[in-house]
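A.B. asks: First the structure, then my questions, so here it is.
The values are calculated or read from the model by the stated rules, or taken from the named source; none is laboratory data. What you are looking at is a predicted structure, and each value in this text was computed from that prediction instead of being measured. FYI the Cβ positions are ideal-geometry reconstructions off the backbone, even for glycines, and counts take in every protein chain you see. All accessible areas refer to the heavy atoms of the entire protein, side chains included, with ligands and DNA or RNA removed. Shrake-Rupley method; radii C 1.70, N 1.55, O 1.52, S 1.80 Å.
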Amino acid sequence: MDAYAADHFVKDIWYFAGLLSDIKAGGVKAFNLAGEPVVLAREGDTVFALRDICPHRAAPLSAGCVKSGTVECPYHGWRFGLSDGECKSIPALPSDSDMDVGRIAVRTYPIRQTGPLIWIYLRSDPKDTAPPPIDPPQIDLPRDKPSLDDHVDLGCHIDHAVIGLMDPAHGPYVHRQWWWRSEKSIHDKAKDFAPRERGFAMVAHSPSSNSFAYKLLGGKPVTEITFRLPAIRTEEITIGKRKVLSFTALIPLDENKTQIRQLFFSDHPTFRALSPFLGGFARTFLRQDSDMVDLQQQGLKHDPRLMLIDDADTQAKWYYALKKAWAKSNATNDPFINPVEPRTLRWRS
Ligand code: FES
Ligand SMILES: [Fe+2]
């Protein structure tokens, strides 16, 4: 099976599907992944994922409800097992019917939970039922409950969203405001990068002196920024014994829509006290990125050739190289070889 199909999504990998607290206990939630409607169903503290289309007459199961290990379709009450997707009951059948309802099934998706984070596995071959050969990323959260939680739906393919996410050069233009960056604050930067599992990191450094938000936290923060396939960016800021973890996940809803979910987890009292205020900053940033994506779409409609320059766009080049290496290793069953080598990147921003 082609692991790198026309939709250009990274396959055979775990995507972030949200937080356990997004779904109320015994509840269901509609979700989209790579153009497929998915229903996330929660029983107790366990989450399941099924295709959100009833095989009877296509009603969305996310409009139904969870009932003892099954999800019940709102149209004619057919019930499907949460873990295996098999039909368990068809209420309209006469009591002496010998129809084998278990032969009807809805596709299920592998789900994994790491603390409050839910992960869903996207297969290149939807008919494959083997357990995923890899684990979702292990992310060390200072607390289970986020201090900040925001999202925005960008009107672009996930590749453009990822590249925008790790583009260091747009800050002074897109995010220009008196309290953050300006053209005058642009200066030379040199940052060390190193490969990490399925990605790379800007290795631990003290953030730029013009970062007003960091100053608010007091102490001398040290930051490490990590990017992992398919599109998980974490920024871990350590201030003494305390931590702020910025977690950004991109979710390909379909080929032209990408959700960006921004969460902050922290055990830092100042950060937590300031979080309503910082939430306003985060919101401003996300909206600015989203507006730029909309502008960029005007040009992308004409399918122009795009450029990636050294070193400011090297992280974007690594993203494409990682995607290619991942697809190749899945297609050939050879081990994945991370194409990123340790390197110092220099740019002005
Ligand atoms: S459409 Fe789901 S039970 Fe009929
Ligand atoms: Fe941005």
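A.B. asks: Please verify whether residue 111 is more than 16 Å from ligand 2 (Cβ to nearest atom), more than 30 Å from residue 332 (Cβ to Cβ) and open to solvent by less than 60 Å² (accessible area, probe 1.4 Å), treating the condition exactly as stated.
C.D. replies: no
A.B. asks: From 282, 327, grab the single residue that is assigned by TED's automatic domain parsing to the domain that holds residue 239, among the small types (Gly, Ala, Ser) and within 23 Å of residue 234 (Cβ to Cβ).
C.D. replies: Being assigned by TED's automatic domain parsing to the domain that holds residue 239, among the small types (Gly, Ala, Ser) and within 23 Å of residue 234 (Cβ to Cβ) holds for just one of 282, 327, which is 282.
A.B. asks: Every residue in the stretch 57-89 that is open to solvent by 10 Å² or more (accessible area, probe 1.4 Å), more than 9 Å from ligand 1 (Cβ to nearest atom) and of a type in the set (Gly, Ala, Ser), please.
C.D. replies: 62, 63, 68, 69, 83, 89, listed by residue number.
A.B. asks: What single numbered condition from (1) within 26 Å of the chain's Cα centre (by Cα); (2) of a type in the set (Gly, Ala, Ser); (3) farther than 29 Å from residue 230 by Cα fails to hold for residue 69?
C.D. replies: Only one criterion in (1) within 26 Å of the chain's Cα centre (by Cα); (2) of a type in the set (Gly, Ala, Ser); (3) farther than 29 Å from residue 230 by Cα is unmet by residue 69, namely (1).
A.B. asks: On to the next question. Just checking, does the stretch 139-147 include any residue being assigned to a loop (DSSP other than H, G, I, E, B), at pLDDT 95 or above, within 16 Å of ligand 2 (Cβ to nearest atom) and farther than 25 Å from residue 335 by Cβ?
C.D. replies: no
A.B. asks: Do you know which residues across the stretch 17-29 are more than 16 Å from the chain's Cα centre (by Cα) and either aliphatic (A, V, I, L, M) or assigned to a strand (DSSP E or B) (or both)?
C.D. replies: 23, 25, 28, 29
A.B. asks: For the list (1) under 17 Å from residue 117 (Cα atoms); (2) open to solvent by less than 40 Å² (accessible area, probe 1.4 Å); (3) in a loop (DSSP other than H, G, I, E, B), I need the number of the one condition that residue 54 fails.
C.D. replies: Every listed condition holds for residue 54 apart from (1).
A.B. asks: Take residue 344 and decide whether it is surrounded by 12 or more Cβ atoms within 10 Å (Cβ to Cβ) and assigned by TED's automatic domain parsing to the domain that holds residue 176.
C.D. replies: The answer is no for residue 344.
A.B. asks: Can you run down the residue pairs with Cβ atoms below 8 Å, 6 or more apart or on separate chains, where the first is in the stretch 141-153 and within 14 Å of residue 18 (Cβ to Cβ) and in contact (Cβ under 8 Å) with a residue 40 or more places away in the chain and the partner is of a type in the set (Lys, Arg) and surrounded by fewer than 16 Cβ atoms within 10 Å (Cβ to Cβ)?
C.D. replies: 150/283
A.B. asks: Oh, and also: Can we say residue 261 is of a type in the set (Lys, Arg) and either in contact with a Pro (Cβ under 9 Å, 6 or more places away or on another chain) or assigned to a loop (DSSP other than H, G, I, E, B) (or both)?
C.D. replies: no
A.B. asks: So, of the residues in the stretch 264-296 that are hydroxyl-bearing (Ser, Thr, Tyr) and assigned to a helix (DSSP H, G or I), which turns out to be farthest from ligand 1 (Cβ to nearest atom)?
C.D. replies: Among those that are hydroxyl-bearing (Ser, Thr, Tyr) and assigned to a helix (DSSP H, G or I), it is 270.
A.B. asks: Restricting attention to the stretch 167-176, does a residue exist that is within 30 Å of residue 329 (Cα to Cα) and more than 16 Å from ligand 1 (Cβ to nearest atom)?
C.D. replies: The answer is yes; a qualifying residue exists.
A.B. asks: Output the residue which, of all residues in the stretch 151-176 that are part of a helix (DSSP H, G or I) and of a type in the set (A, V, I, L, M, F, W, C), is farthest from residue 232 (Cα to Cα).
C.D. replies: 174
A.B. asks: Sticking with this one: Cβ-Cβ under 7 Å, sequence separation 6+ or interchain: first residue in the stretch 248-259 and closer than 18 Å to residue 294 by Cβ, partner hydroxyl-bearing (Ser, Thr, Tyr). Which pairs?
C.D. replies: Cβ pairs passing all conditions: 250/258; 252/258.
A.B. asks: A further question on this structure: Regarding the stretch 182-190, can at least one residue be identified that is among the basic types (Lys, Arg) and open to solvent by less than 30 Å² (accessible area, probe 1.4 Å)?
C.D. replies: Yes, there is a match, as at least one residue in the stretch 182-190 is among the basic types (Lys, Arg) and open to solvent by less than 30 Å² (accessible area, probe 1.4 Å).
A.B. asks: Are there any pairs, at least 6 apart or on different chains, whose C-beta atoms fall under 7 Å, with the first in the stretch 59-86 and not assigned by TED's automatic domain parsing to the domain that holds residue 102 and the second open to solvent by 30 Å² or more (accessible area, probe 1.4 Å) and near ligand 1 (Cβ under 9 Å from one of its atoms), and if so, which?
C.D. replies: none
A.B. asks: Looking at the structure I just gave you, is residue 310 on the phi > 0 side of the Ramachandran plot, part of a loop (DSSP other than H, G, I, E, B), open to solvent by 40 Å² or more (accessible area, probe 1.4 Å) and acidic (Asp, Glu)?
C.D. replies: So residue 310 fails the test.
A.B. asks: Is it true that some residue in the stretch 270-280 is within 21 Å of the chain's Cα centre (by Cα), open to solvent by 20 Å² or more (accessible area, probe 1.4 Å) and touching a residue at least 40 places away in the same chain (Cβ under 8 Å)?
C.D. replies: no
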